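J.: Here you go, one structure.
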Amino acid sequence: MKLLNKTVQYYFLLSVVLLLVAVPVFYVVLKRIVIANVDARLIATKTQLIPRLQVLEVPPPKGSPLFNNDISLERAVPHGGRDSLYTSDMVDSLSRHRGTYRLLTSHIVINQETYRLQIKSSLANHEALITSIIILQVLLLIFLLAGLLLINRSLARKVWNPFYKTLRKLRSYKVDDTEPLQLERSGVNEFAELNTAVEQLADRSRKAYVAQKEFAENASHEMRTPLAIFQGKLELLMQTSPLTEEQAALITDLAAASQRMARLNKGLILLTRIQNGQFPETEPVSLQKMAIHLLEQYQPQIEQKEIVLEQYWEQDIVINSNPTLIEVLLGNLLANAIRHNLKGGNMIVRMTDHTFTVQNTGQFYALNPDRLFRRFSKSSADAESMGLGLEIVKKICDLYGFEVSYSYDHPLHTFRILIKS
Amino acid sequence: MKILIIEDEQALSKSIAAYLAAENYTCEIAADCKTALNRIEAFDYDCILLDISLPDGNGLQVLQALKENQKTEGVIIISARDSIDDRIKGLQLGADDYLTKPFHLSELSARIAAVIRRRRFLGSTTLEAEGLALDTQARSVKVNQQPVDLTRKEYDLLLYLFTNRNRVVSKQAIAEHLSGDGEGLFDNYDFIYAHMKNLKKKLLQAGWKDHIRAVYGMGYKMEVP
């Protein structure tokens, strides 16, 4: 739920409660005022009438100018009670309309006879007035509420605008962007503070990222000299004599290990370089030519494993990119398909106008697609595969906006690159 | 032949010198720029191995000095940095080759031989031993004056073993040499055996006594006097 709606929700709730409480209260209060008013008038009429009636010897007949339609005088049993005021529904004798009346009943003695004097006043007009007032009030409140909501909404949108701008920028921000995060200045203190804090945070993570990257780069480079020394000494060791078979076996294992370290080092440096964007030179590269060239280069390995290679070149893809990276990309995929293949297995290479697919037989279960493209998550028993190859593939694909996917359809492992040009 | 090794890591420069000594190269070592510049001024070398990052400055200075003094030494840069920019800078300043650490000494030796061949004998050069003749210009091989038809890989393999003759060359080094950058992707060296088998067969058929010996699955050694 948006913050905006949240606040509005509370306003709305308050307004509804107010409306529900205020309107009945208002109605009751208004009605009381009206009744008090009517009562006062009835009593005034009575006080005016009584002295005049008491001086008469006989009660005046109906139609006497003393009376009107609202006043009646009837003979009654003696009554010592006080005057009574009450509200009652009754039918008007003249208009024959049913209506609510306020009645004042009083007993007076004229010529030793007790008479009951009744004065009534219609409340119909007053009630109509109260209803109109209440309707007006409700309408007013509703308009006020609606107006408040609207104003609040547009105002909030305007006020929150810098916040949404910051949010948009944050969402598109990547820690490896070349530019540091730059947010707009805001006149509102809260947003200005937020932006400063966010900028500082981004700056810190960026610095940490750069430091980590530099560390990886430096460590990789610094490792090269000792590696070179190690490899050199090993080669000298090979030249010593006498050399027993046992020693030779040890040296061979060491040589293989140092070779692996050298490869790992190369892979790490390549990854760092891709992340650093150090392959800016681009030229049109024909993927088909590159792939065919690589396959030719790997021919000895393909023959060695007696792999049956099928190639389908439907349409060449020429893409503006760095040839070195494309060579690494295709080379890694093709070499993987050879390396992880079975002896006498199959390999299918296919290129259409927007995809490049490599399929190969291999182990009889699917690889874990979540871990596949991550560093050092090798899933093969092949100890010398360095577990960097697919991450490099992924990084190169990311760089050029390609999409790489993996699927397993028994018995073929499929790697597909979707190229959107 | 004289070689100057400009490299601040003593362990490495000593290894290089020891390996190259077997080839009758005389090696001198300079551990910093200053010594290197003095040496260059005083002596002539057939080949200079140059590390770029030196304690007292950039190795490219040495290249500059060579250029200014119009010296014609062959220079091979050996560096831990391998970005394209570094390579281009070095080669533009007149280096003949660029080798990234870590490297195989046998590879270094082959590159030195190639640089010296190019510099020394501008015309055709023939390497000979025991009736075997390699013409590095025409990339052709003769055994007792009879041409032997080798594939490109077989020729490269033979030349590589020849320039590292009488030393054990590891199969890793051979694999890297033969497949260039692609080597990093494979861990199986079986393809070397196939090339080696064919090469040996062809040479044997041409009447060359087999001087190439496998050393305990560690590598190969061409034994010629």
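Each value in this text was obtained by applying a stated rule to the coordinates, not by laboratory testing. The model shown is predicted, which means the values in this text are computed figures rather than measured ones. So basically every Cβ, Gly included, is an ideal-geometry build from the backbone, and we count neighbours across all protein chains shown.
J.: Exceeding 30 Å between C-alpha atoms, which entries from my cross-link table qualify? They are A:K305/B:K153; A:K289/A:K394; A:K207/B:K14.
T.: A:K207/B:K14
J.: Between region B:16-57 and region A:193-229, how far is it from one alpha carbon centroid to the other, in angstrom?
T.: 36
J.: So how strong a dipole does chain B carry about its Cα centre when Lys and Arg Cβ are +1 and Asp and Glu Cβ are -1, to the nearest 20 debye?
T.: Computed charge dipole of chain B: roughly 840 debye.
J.: At a temperature of 20 °C and a viscosity of 1.002 mPa s, determine how fast the protein assembly as shown diffuses translationally according to Stokes-Einstein, using the Kirkwood radius over alpha-carbon pairs as Rh; express D in µm²/s, rounded to the nearest whole number.
T.: 63
J.: Averaging over all projection directions, find the projected area of the Cα convex hull of region B:126-222 and quote it in nm² with one decimal place.
T.: For region B:126-222, the mean projected area of the Cα convex hull comes to 5.9 nm².
J.: May I pose another question? To the nearest 500 deg cm²/dmol, what mean residue ellipticity at 222 nm is calculated for the protein assembly as shown from DSSP H runs of n ≥ 4 alone, each contributing -39,500 (n - 2.57), summed and divided by the residues?
T.: -17500 deg cm²/dmol
J.: Same structure, new question: Counting other beta carbons within 10 Å of each Cβ, put A:W313, A:W160, B:W208 in order, fewest first.
T.: Least crowded to most crowded, the residues run A:W313, A:W160, B:W208.
J.: What are the trypsin sites (Lys or Arg not before Pro) within region A:167-211 that DSSP puts in a loop, where the Cβ has at most 16 other Cβ atoms within 10 Å?
T.: Filter output for region A:167-211: A:K174, A:R185.
J.: Can you tell me the 0 to 90 degree angle between the C-alpha axis of helix A:245-275 and the longest principal axis of chain A, rounded to 10?
T.: Result, in degrees: 40.
J.: Given a 10 angstrom Cα cut-off, can you work out which residue in A:N276, A:N368, A:N332 is the most mobile in a GNM of chain A?
T.: The residue that fluctuates most here is A:N368.
J.: Take every DSSP beta bridge with both residues inside chain A and express the antiparallel ones as a percent of the total, to the nearest 5.
T.: Bridges in chain A are about 90 percent antiparallel.
J.: Run the dipole for the protein assembly as shown about the Cα centre, Lys and Arg Cβ at +1, Asp and Glu Cβ at -1, nothing else charged, and hand back the magnitude in debye, nearest 20.
T.: Using only the charged Cβ atoms, the result is roughly 3120 debye.
J.: Using a Gaussian network model of chain A whose springs link C-alpha atoms within less than 10 Å, name the residue from A:L287, A:L250, A:L295 with the highest mean-square fluctuation.
T.: Sorting by GNM fluctuation, first place goes to A:L250.
J.: Any chance you could give the angle, 0 to 90 degrees and rounded to 10, that helix A:3-54 forms with the longest Cα principal axis of chain A?
T.: Roughly 0 degrees between the two axes.
J.: Considering amide H positions built from the backbone, and no H for Pro or chain starts, which residues 5 or more places from B:I77, or on another chain, come under 5 Å of its amide H?
T.: B:L50, B:D96, B:D97, B:Y98, B:L99
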